Each structure stands twice: as structure tokens, then as C-alpha cells.
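The values are calculated or read from the model by the stated rules, or taken from the named source; none is laboratory data. Model, not experiment: these values are computed from the prediction. Note: ideal-geometry Cβ built from the backbone for every residue, glycine included; neighbour counts use all protein chains shown. SASA here: full protein model, heavy atoms, side chains in, ligands and nucleic acids out. Shrake-Rupley method; radii C 1.70, N 1.55, O 1.52, S 1.80 Å.
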Amino acid sequence: MNQPQTDIGDELVGRRIVLTAQRRAEQLASALERHGAKIVHAPTLSVIPHIDDPELVTRTRELIEARPDIVVVTTGVGFTGWGDVAEAAGLREEWHSMLAGARIYARGPKARGAIQAAGLRAHWVAESETSAEIQQVLLGEGVDGQRIAVQHHGAGADGLDEAFAAAGADVRSLVIYRWGPAPDPAAVVDAVRLVAERRCDAVAFTSAPGAAAFLTAAEEHGLLSAVIEAFNESVVAAAVGDVTAAPLHEQGIRTVIPERFRLGALARVLISELAE
């Protein structure tokens, strides 16, 4: 006999929710649809992998030879993609050995999870999920003369390379993927209009660059003021974490954030907010 599903309800029947993510959007959509929500997909950015980038393979080979003292992992998807690059180049075992011999600093639980999935252990994890916390901790420990590899997130610039180099470290950068333009710009504009005209109930944001891109689209179409007012009066702006919420907060937008920075927790906070 099939067990009854206890995570299905009708709290979101009649509610329209905009999802701005490309990665793992289906997972979040399914969680909300089980409660009756109507989902509007409007990914504000695309993820462009560098898995076929010969420069990335070259940098990986150099690191395997150089043996870094410290490896900074800023994203789970980036770390997993790096492993895929190493495997495609026939370097998986050497890559794994290189990492096992280094102290790995992870930017948040997602990065730690990817590290563990590769059979490795993080030396330290930034629970705030910020690069600034990693920078503060490592500079406090001292990095002079240390060889540091930094796996960057899609936006690239986070100030880590410059800060560590200024403190005397030998820094090697790795960009595994980058953010690209929205796969369907018209869908983003339509979503912005849904918010401005208050024809949706909530928007879910899962990355800071994605949230910033949504606001940029609103500004470019002369709808930013209307979007800000809608978010602060009737439309729920939900962000998966504090870092993601930062561009929204800069515009004075009231944002709900789950206690745990996970998609499942984001779905639960949306259900809670909209059910009320």
C-alpha cells in the first residue's frame, strides 16, 4: 500500500510565484506546485560552464604540480564542475590527491556538501556564506608565503585574489563557470511587469547576481519604483539567504529569508508567508 504524502496541501492554490533561477528551478517549482501554486519561470541569468576551457585544464595541471597549501571553494556547483573538468582531462586522481593535501576553506554548506561528495573534507566553513568571512579568517591566520587556489563563483570579482596577494600569498585563480545573460529576456520583463502591476504573489531569488539582474531589468523599463512599492506592500520578495538578499536590501525592499539557506527552506518560508 502506498503511504499518504504529508507534504501536499492547498495553501498556495490561486497563488502565482515567479522563480528567477535557472539552476535547480524545477526542484523549487515542484515543491511549490505540490501546494497548489502556479509557477512563472523567468531566469534572470544563465550559467555558462567552462568545462571545455583549455585554460582551466592548464591551470588545474599547474596546481597539481604546485600543490597549493590552501584551496578556497566558493560554490558547490563550481567545485563539482571543476571535478568534471579534471575527470574529462584524465586528471581526477591527481586532482583529488592535490586537494586532499591542502586545507580547504568552503563558502557555506553547499560548497561543503560538494567537497564531501567528492570524498574530501573541508578544513573550515564560512557559515555566513560570504567570501568576506573567508577573507577575514585567512588574513587573521596569516597567508604570507602560502600558495592559495581560489575557485571563484560565477560573478568572478570577490576581492579574494587581491586581498591574499597583498598579504604575501601566491594566488592562483580558477573560474569554473560564469553568469551569462537571461536565456529569455522577454520572460524577465514580463515577470517584472507582473510584480509592478501586482499580478503575482511572490518572487523567489536564489543568487545575488540574479536578484540584481531582476532589479536592473525593472530599472531599464522604467518600472523600478513600482516594483519596489509592490514588494514592500503586497508582493513577497523571498531570498534564499542574506547574500542573495543584499541587492534587494540596497533598494529598501522588504525581504523574507529562511533560517537555513536551502531551497527546501525557501519553499517553506514562501508557503508560510503566502498561507497567512
(message) I need the full set of residues from segment 152-170 which are at pLDDT 95 or above and either surrounded by fewer than 18 Cβ atoms within 10 Å (Cβ to Cβ) or part of a strand (DSSP E or B) (or both), in order please.
(response) Ala165, Ala166, Ala167, Gly168, Asp170
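Could you please let me know if Thr255 is at pLDDT 95 or above, open to solvent by less than 60 Å² (accessible area, probe 1.4 Å), closer than 24 Å to Glu127 by Cβ and polar (S, T, N, Q)? Spell out the reasoning first.
Details: at pLDDT 95 or above: yes; open to solvent by less than 60 Å² (accessible area, probe 1.4 Å): yes; closer than 24 Å to Glu127 by Cβ: yes; polar (S, T, N, Q): yes.
Considered against the rule, which asks whether it is at pLDDT 95 or above, open to solvent by less than 60 Å² (accessible area, probe 1.4 Å), closer than 24 Å to Glu127 by Cβ and polar (S, T, N, Q), Thr255 comes out as yes.
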(request) Starting from segment 234-246, keep only residues that are at pLDDT 90 or above and open to solvent by 10 Å² or more (accessible area, probe 1.4 Å), then list their pairs with residues that are part of a loop (DSSP other than H, G, I, E, B) and of a type outside the set (Ser, Thr, Tyr) whose Cβ atoms are within a distance under 6 Å, requiring at least 6 positions of separation or different chains. (result) Ser234/Arg198
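Looking at Arg193, Arg178 in this structure, which one is modelled with pLDDT under 95 and open to solvent by 40 Å² or more (accessible area, probe 1.4 Å)? Give the derivation first.
Values: Arg193 fails: modelled with pLDDT under 95.
Matching residue, one of Arg193, Arg178: Arg178.
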(message) Can you tell me how many residues within segment 16-26 are out of contact with any Ser or Thr (no Cβ under 6 Å at 6 or more places or on another chain) and open to solvent by less than 50 Å² (accessible area, probe 1.4 Å)?
(response) 4
(message) Looking at Ala29 and the list (1) over 23 Å from Arg268 (Cα atoms); (2) open to solvent by less than 10 Å² (accessible area, probe 1.4 Å); (3) out of contact with any helix residue (DSSP H, G or I) (no Cβ under 6 Å at 6 or more places or on another chain); (4) modelled with pLDDT of 90 or more, which single condition is not satisfied?
(response) (1)
(request) Could you check Ala230 against (1) open to solvent by less than 50 Å² (accessible area, probe 1.4 Å); (2) within 30 Å of Gly113 (Cα to Cα) and say which number it fails? (result) (2)
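Filter segment 15-61 for residues that are basic (Lys, Arg) and either without any contact (Cβ under 8 Å) to a residue 40 or more places away in the chain or not in a strand (DSSP E or B) (or both) and give the result.
First, pick out the residues of segment 15-61 that are basic (Lys, Arg): 15-16, 23-24, 34, 38, 59, 61.
Those that are basic (Lys, Arg) and either without any contact (Cβ under 8 Å) to a residue 40 or more places away in the chain or not in a strand (DSSP E or B) (or both): Arg15, Arg23, Arg24, Arg34, Lys38, Arg59, Arg61.
Provide a single number: the residues in segment 62-94 that are assigned to a helix (DSSP H, G or I) and closer than 29 Å to Glu26 by Cα.
Pass one, segment 62-94, residues assigned to a helix (DSSP H, G or I): 62-66, 76-88, 92-94.
Then drop every residue that is not closer than 29 Å to Glu26 by Cα, which leaves 76-88.
Residues that pass the stated criteria total 13.
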(request) Report, by residue number, each residue of segment 70-103 that is in contact with a strand residue (DSSP E or B) (Cβ under 7 Å, 6 or more places away or on another chain) and either small (Gly, Ala, Ser) or surrounded by 23 or more Cβ atoms within 10 Å (Cβ to Cβ) (or both). (result) Val71, Val72, Val73, Thr74, Gly78, Phe79, Gly81, Trp82, Leu99, Ala102
(request) Sort out which residues of segment 197-226 are more than 22 Å from Ile48 (Cβ to Cβ), open to solvent by 20 Å² or more (accessible area, probe 1.4 Å) and hydrophobic (A, V, I, L, M, F, W, C), and write them in order of number. (result) Leu223, Leu224, Ala226
(request) Please go through segment 42-69 and pick out each residue that is closer than 29 Å to Ala182 by Cα, touching a strand residue (DSSP E or B) at 6+ places or on another chain (Cβ under 9 Å) and among the aliphatic types (A, V, I, L, M). (result) Ala42, Leu45, Val47, Ile48, Ile51, Leu56
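For segment 120-141, which residues satisfy the criterion of being over 30 Å from Glu93 (Cα atoms) and either modelled with pLDDT of 95 or more or among the β-branched types (Val, Ile, Thr) (or both)? Let's see the steps before the verdict.
Our first condition is that a residue be over 30 Å from Glu93 (Cα atoms); within segment 120-141, this holds for 128, 132-133, 136, 139-140.
Of everything in segment 120-141, those that are over 30 Å from Glu93 (Cα atoms) and either modelled with pLDDT of 95 or more or among the β-branched types (Val, Ile, Thr) (or both) turn out to be Gln136, Leu139, Gly140.
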